[in-house]
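*Asks:* Next up is a structure, given as structure tokens.
The values are calculated or read from the model by the stated rules, or taken from the named source; none is laboratory data. Because the structure is predicted, anything quoted here is derived from the model rather than measured. With ideal geometry, Cβ positions are generated from the backbone for all residues, glycine too; neighbour counts draw on all protein chains shown. Side chains included, ligands, DNA and RNA excluded: accessible areas come from the protein's heavy atoms. Shrake-Rupley method; radii C 1.70, N 1.55, O 1.52, S 1.80 Å.
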Amino acid sequence: MQTRGLLSEELNILRRELALMAARVDDDLGKALAVLNSGSRELADEVKESGKIVDAMQLKIEDMALVLMATQQPVAGDLREMITVFKLTSALERIGDYGVHLVKAAVKLSGKPPFRSIERIERMVLTGQKMLKAAFSAYLGRDAVAAREAAGMDHLIDDDHKALTEEILKLMKKKPELVKSAARLLKLSGFMERMGDHITNICEGIIFMVEGKHEELND
């Protein structure tokens, strides 16, 4: 009984650390969006530095999970949660990387002729933030239904990515002088599309944690 109480306490600490990591990644995405609108190098540097902190948080959380697995002998649902933790930290780290990619591209695009397609990038980021919040809420609430609903928003990102790709390819043909900047925007859209995929992976991990089964979402 004492062991079980200690495990529950340590799991709560692990969840709090994950919450901090998710909140930082979400905050960085918000800052990256601000850089896209302002071109602020100072804010861009903040996101880049924060990316290093996210990496350190991933290592810390995974070390904590490994220690728990080795010392507390978790079974059933607790063990599934610890396995899911590794999926969550990996996905959050990658999403954080995309925030860094976003600020780097935003600074380079600053001062260039405005692209209407940037509005789609903004929507993709906002949708990603909404998905991330919903997914993490599902994790904390151990709610598989909410996880499926969060993953369901990924089609909005996919739709914007597809539309942006078509717009940019047409623009490249019409205005060859904008090819370099347009290609950068196209690459950035690809990063945002993969961000949605990583959040979907988080949702799949939550379903495994709660229901004990592997389920592929958004095939």
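*Asks:* Expected output is a single nm value to one decimal: the length gained when fully extending between ARG116 and THR71, i.e. 0.36 nm times separation in residues minus the C-alpha distance. What is it?
*Replies:* Fully extending the segment from ARG116 to THR71 adds 10.7 nm.
*Asks:* Shifting gears a bit: To the nearest 0.05, how large is the calculated FRET efficiency for HIS214 and GLU42 if R₀ is 45 Å and r is the Cβ-Cβ distance?
*Replies:* 0.55
*Asks:* Multiply the residue separation of VAL179 and LYS52 by 0.36 nm, subtract the distance between their alpha-carbon atoms, and state the gained length in nm to one decimal.
*Replies:* Extra length from VAL179 to LYS52 when fully extended: 42.5 nm.
*Asks:* Something else now. If you scale each eigenvalue of the Cα gyration tensor by 5 and take the root, what three semi-axes come out for the chain, rounded to whole angstrom and sorted largest first?
*Replies:* 37, 19, 11
*Asks:* Another question, if that's okay. Leaving out ligands and nucleic acids, note down the accessible area per residue over the chain with a 1.4 angstrom probe, in whole Å².
*Replies:* Accessible area per residue: 50 Å².
*Asks:* Also, I was wondering about something else. Each residue of region 200-207 in order: what ³J(HN,Hα) in whole Hz does its phi give by Karplus 6.51 cos²θ - 1.76 cosθ + 1.60, θ = phi - 60°, with x for Gly and Pro?
*Replies:* Once θ is set to phi - 60°, the couplings for region 200-207 become 4, 4, 4, 5, 5, x, 5, 4 Hz.
*Asks:* Okay, moving on. Mind ranking 48-54, 70-76 by how tightly packed they are, going by the mean number of other C-beta atoms within 10 angstrom, highest first?
*Replies:* 48-54, 70-76
*Asks:* By per-residue mean of other Cβ atoms within 10 Å, what is the highest-first order of 100-108, 19-27?
*Replies:* 100-108, 19-27
*Asks:* Divide by every residue of the chain the summed helix terms, -39500 (n - 2.57) for each DSSP H run of at least 4, and state the resulting mean residue ellipticity at 222 nm, rounded to the nearest 500 deg cm²/dmol.
*Replies:* Calculated from helices alone, the mean residue ellipticity at 222 nm is -31000 deg cm²/dmol.
*Asks:* Using only Cα atoms, find the angle between the long axis of helix 154-174 and the longest principal axis of the chain, and express it within 0 to 90 degrees, rounded to the nearest 10.
*Replies:* The two axes meet at around 20 degrees.
*Asks:* Here is a follow-up. For the chain, calculate the relative contact order in percent as a whole number, restricting contacts to Cα pairs under 8 Å that are 6 or more residues apart.
*Replies:* Reported relative contact order: 25 percent.
*Asks:* List the trypsin sites (Lys or Arg not before Pro) within region 140-219 that DSSP assigns to loop and that have no more than 10 neighbouring Cβ atoms inside 10 Å.
*Replies:* Within region 140-219, the qualifying trypsin sites (Lys or Arg not before Pro) (loop, at most 10 other Cβ atoms within 10 Å) are LYS213.
*Asks:* If you fit an axis through the alpha-carbon atoms of helix 41-71 and take the longest principal axis of the Cα set of the chain, what angle between them do you get, 0 to 90°, nearest 10?
*Replies:* Its long axis makes an angle of about 20 degrees.
*Asks:* Here's another thing I want to ask about it. Using a 1.4 Å probe on the protein chains only, how many percent of the accessible area of the chain belongs to carbon and sulfur?
*Replies:* 54
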